[in-house]
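Have a look at the structure below before the remarks.
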Amino acid sequence: MSLEITEAIAGSVTILKTKGFIDTSTSSILEENIKKTINQGKVKLIIDLADSDFISSAGWGVFVAYLRKARDSGGDIKLACMIEKVFKVFKLLEFDALIDAFPTVEEAIKSYGS
Amino acid sequence: MVHKLKNFFKINLSVNETYFLFLSPSILLILTAFFIVLIIPLSLLQMIIIFLLCTSIGALSGSFLVYFVDRYTKKEISGIKNFIENRKDYNSYLTALNEVAGLLKDYETKKNEEIKNLKNIIEKTDLIRKKAETIDENKEILFKEIKLLKDNTKENYENLKKIMTITNHVTGVLDMMASDIKGISEKINKLVNAAKTGSKATGSEIQAIGNIKNAVMESADVITRLEETSKEIKKLVSTIAEITKKTNLLSLNAGIEAARAGEAGRSFAVVAQEIRMLAETATKATAEMTDFLTKTEQLTKQAINVISKQSKIEEAIKVVYNASDTFLNIVQTLSEISNLLSDLFVKINENKIDGDLLKTLSIKIKNKLENTIVNMDNMSEKVRSEKDITKKIISEVKEVNLESEKTILH
């Protein structure tokens, strides 16, 4: 399983679109991308998860690990377009109290505006 | 006078006919008298006598002729009249004959029609016979079918009874299953609820591990920076130690020079002594700092060694993540099992309801089948009876056909 990540910019917001499973074997790719993006000063991040059918604990751990760093730098990490199966796990872990999630990328971008 | 005579004698002939008939023999005899007189030489008397005789004979002959002709004519007329009369009868006879002929013709026509009708009747009765035979055959088939149907119905009845027994058993099993599943479902729900609580803990765990990872990463940065700072401090301490060494030498030289100067260099000797003491203190502090830095360096090296084992930490984190994933899978599977059990419970209840309904329907069908078997027995009897009637009809139709054929031949 491989994970592909593409970057897009919408104003001050950086959108990282994932494609593939995010598990222990691929979470490092996600981690590298988030780390690199934050280190570049792009701290307002949206992770578009529409094409990721599975996110393991390692994947969730990456979001949590860099969330504080992004917030400390005045930014945030927001999740968008989770499929139902992934969203169920998200709710099960009660990460909805920790990380903002949106049904669409547009809504996630708007949330940065407000 | 002729008229009077004619009327007197009731002569039917006309006047001219009477004259002609009366005079013709008289004239012929007068002419005969003339011829005789001419041929035979006679006396006057003889001649008169001959003439008188011939005239008399002529008149008499004429009278007879008139009489006979009239009589003949009368006879003829009477005959004609009779003929005419008879003709009338003949016409009546002819008419009668014609009527008879007409009647005969009608009779013939009617007879033909009758024959035709009889033939039609024969054909129809033949058809009836054939149909009756077909009906008889069909009745036979029907009889067999009814018998078969009755056998099947009896078999179905027996099967239904078995089904009812099985249904009762299944309903009982379903009841038990529903009860068991309800119990299991409740336990699973408790487990799911516990697992959901555990999921929250797993989330916190992931969060904590993420934070630890973050902290480890930050610690690695700090330690790396600390190592670099220690190295720089060590460099500075080395420089300070060098300076202290030089200062100590300088103070020694200053002391020697102050002693050589005597009284004049006494105060300078005090300064040199102070500088020497400072240098010694500085040397001591530098030694302590070097010692401290050496220890720090050792600790930093140890920390670096620990951080160099970060992959091991990551492996440990991976183990935790895997455990979390396994746990999450268990939770999800439990949730799915819980949902499946709920569905199963609903379906079993539905099946139970269906089972009850099936039971009710089975009883109704059982009753109906019992009635059907009785009805089939009645139907068999009726078919048998109808079969006998059909056979009688065939026999009677055959007789009618034979009678009709005989009639046609006659």
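The values are calculated or read from the model by the stated rules, or taken from the named source; none is laboratory data. On a predicted model such as this, the values are computed, not experimentally measured, just so you know. Glycine also receives a Cβ, built like all others from the backbone with ideal geometry; neighbour counts cover every protein chain displayed. Side chains are part of the model used for accessible areas, which takes the heavy atoms of the whole protein and leaves out ligands, DNA and RNA. Shrake-Rupley method; radii C 1.70, N 1.55, O 1.52, S 1.80 Å.
Using heavy-atom solvent-accessible surface (probe 1.4 Å) with all chains present, what is the largest-first order of A:Met82, B:Met289? Display every interim value, and only then the final one.
Values: A:Met82 35, B:Met289 80 Å².
So, going from the largest accessible area down, we get B:Met289, A:Met82.
Going Cα to Cα from B:Lys119, which aspartates and glutamates come in below 18 Å? Please leave out same-chain ones fewer than 8 positions away.
Here the aspartates and glutamates satisfying the reach criterion relative to B:Lys119 are B:Glu108, B:Glu396, B:Glu399, B:Glu403, B:Glu405.
Enumerate the amide H contacts of A:Asp76 below 5 Å, restricted to partners 5 or more residues apart or on another chain; note that Pro and chain-start residues carry no placed amide H.
Here the answer is A:Lys44, A:Leu45, since their amide H atoms fall under 5 Å of that of A:Asp76.
Suppose the chain between B:Lys235 and B:Asp106 were pulled fully straight at 0.36 nm per residue; how much longer would it get relative to their current alpha carbon spacing? Write down the numbers at each step before the final one.
Values: separation 129, 0.36 × 129 = 46.44 nm, distance 16.07 nm.
Contour length minus the Cα-Cα distance gives 30.4 nm.
Residues of segment A:73-114 with accessible area at least 20 Å² lower in the all-protein-chain context than alone (1.4 Å probe)?
Listed in order, they are A:Val89, A:Leu92, A:Leu93, A:Glu94, A:Phe95, A:Leu98.
Karplus couplings for segment B:175-184 from phi (6.51 cos²θ - 1.76 cosθ + 1.60, θ = phi - 60°), rounded to Hz, Gly and Pro as x?
Karplus values, whole Hz, x for Gly and Pro: 4, 4, 4, 4, 5, 4, 5, 4, x, 4.
What is the set of long-range amide H partners of A:Ser56 at a cut-off below 5 Å, with H atoms built 1.01 Å from backbone N?
Answer set, sorted by chain and number: A:Ile22, A:Asp23.
Taking a 1.4 Å probe, which of B:Ile353, B:Ile163 shows the most accessible area, and what order do the others take after it? Kindly include the intermediate steps, with their values, before the conclusion.
Details: B:Ile353 110, B:Ile163 80 Å².
Final ranking, largest accessible area leading: B:Ile353, B:Ile163.
Which cross-chain or sequence-distant (5 or more) residues have an amide H under 5 Å from the amide H of A:Ile15, H modelled 1.01 Å from N in plane?
A:Ala8, A:Ile9, A:Ala10, A:Ile46
Evaluate peptide B:320-331: per residue, the Cβ atoms of other protein chains within 10 Å of its Cβ; return the mean as an integer. Please list the in-between numbers first.
Working: counts 3, 9, 5, 1, 6, 10, 1, 1, 7, 2, 0, 4.
Partner Cβ neighbours, averaged per residue: 4.
To the nearest 0.05, what FRET efficiency results for A:Glu94 and B:Ala215 with a Förster distance of 30 Å applied to their C-beta separation? Before the final figure, lay out each step's value.
Values: r = 22 Å, r/R0 = 0.73.
Between A:Glu94 and B:Ala215 the formula returns 0.85.
Working out 0.36 nm times the residue gap between B:Ala201 and B:Ala96, then minus their Cα-Cα distance, what length gain in nm do you get to one decimal? Walk me through the intermediate numbers first.
Numbers: separation 105, 0.36 × 105 = 37.80 nm, distance 13.44 nm.
The B:Ala201-B:Ala96 span can extend by a further 24.4 nm.
Among B:Thr286, B:Thr73, B:Thr390, which one shows the biggest mean-square fluctuation in a GNM of chain B, springs joining Cα atoms closer than 10 Å?
Taking springs between Cα atoms under 10 Å, the residue moving most is B:Thr73.
List, in order, the whole-Hz ³J(HN,Hα) value for each residue of segment B:148-160 obtained from phi through the Karplus relation with A = 6.51, B = -1.76, C = 1.60 and θ = phi - 60°; use x for Gly and Pro.
Values, residue by residue: 4, 4, 5, 4, 4, 4, 5, 4, 4, 4, 5, 4, 4 Hz.
Roughly how many percent of the accessible protein surface of segment B:290-343 is carbon and sulfur, given a 1.4 Å probe and a whole-percent answer?
On the way: 2060 of 3420 Å².
Summing carbon and sulfur atoms, their accessible area is 60 percent of the total for segment B:290-343.
If I ignore ligands, DNA and RNA and count only protein heavy atoms, how much of B:Lys295 is accessible to a 1.4 Å probe, in Å² to the nearest 10?
For B:Lys295, solvent-accessible area is about 110 Å².
If you plug each phi of segment B:274-286 into the Karplus form 6.51 cos²θ - 1.76 cosθ + 1.60 with θ = phi - 60°, what whole-Hz ³J(HN,Hα) values come out, in order, with x for Gly and Pro?
Karplus values, whole Hz, x for Gly and Pro: 4, 4, 5, 4, 4, 5, 5, 4, 4, 5, 4, 4, 5.
Considering only C-alpha atoms, what is the centroid distance from segment B:379-399 to segment B:203-273, in Å?
So the two Cα centres are separated by 137 Å.
If chain A were replaced by its equivalent ellipsoid, with semi-axes equal to the square roots of 5 times the Cα gyration tensor eigenvalues, what would those be, largest first, whole Å?
On the way: eigenvalues 72, 50, 37 Å².
After scaling each eigenvalue by five and taking roots: 19, 16, 14 Å.
Rule-of-thumb check for segment B:121-409: C-alpha Rg over 2.2 N^0.38 Å?
3.00
Report the B-A buried area as the accessible area lost on both sides summed, probe 1.4 Å, in Å² to the nearest 100. Let's see the in-between values first.
On the way: alone 29800 and 6030 Å², together 34140 Å².
Between B and A, the summed buried area is about 1700 Å².
To the nearest 10 square angstrom, how much accessible area does B:Ser342 have with a 1.4 angstrom probe?
Rounded to the nearest 10, that gives 50 Å².
Report for chain A the percent antiparallel among DSSP-assigned beta bridges with both residues inside it, nearest 5. Don't skip to the answer; put the middle values down first.
Numbers: 7 of 20 bridges.
Looking only at bridges with both residues in chain A, the antiparallel portion is about 35 percent.
Taking Rh as the Kirkwood radius computed over C-alpha pairs, what is the Stokes-Einstein D of segment B:98-254 at 25 °C in a medium of viscosity 0.890 mPa s, expressed in µm² per second? Display every interim value, and only then the final one.
Values: Rh = 30.0 Å.
Here the translational diffusion coefficient equals 82 µm²/s.
Restricting to the protein assembly as shown, compute how many DSSP beta bridges are antiparallel as a %, nearest 5.
On the way: 7 of 20 bridges.
The antiparallel fraction comes to roughly 35 percent.
To test your reading of the geometry: what angle, between 0 and 90 degrees and rounded to tens, separates the Cα axis of helix B:310-409 from the longest principal axis of chain B?
The angle comes out at about 10 degrees.
Can you work out the accessible area per residue across segment A:4-113, with the rest of the protein chains kept in place, probe 1.4 Å, in square angstrom? Mind dumping the intermediate values first?
Working: 4770 Å² over 110 residues.
Here the residues of segment A:4-113 average 43 Å² of exposed surface.
Dividing the convex hull volume of the alpha carbon atoms of segment B:2-120 by its residue count, what do you get in Å³ per residue?
Numbers: hull volume 15.4 nm³, N = 119.
Hull volume over Cα atoms, normalised by residue count, gives 129 Å³.
Can you work out the accessible area per residue across chain B, with the rest of the protein chains kept in place, probe 1.4 Å, in square angstrom? Present the calculation step by step, with values, prior to reporting the outcome.
Numbers: 28990 Å² over 410 residues.
Result: 71 Å² of accessible area for each residue.
Normalized C-alpha radius of gyration of the protein assembly as shown, against 2.2 N^0.38 Å? Present the calculation step by step, with values, prior to reporting the outcome.
On the way: Rg = 78.3 Å, N = 524, 2.2 N^0.38 = 23.8 Å.
Compactness ratio reported: 3.29.
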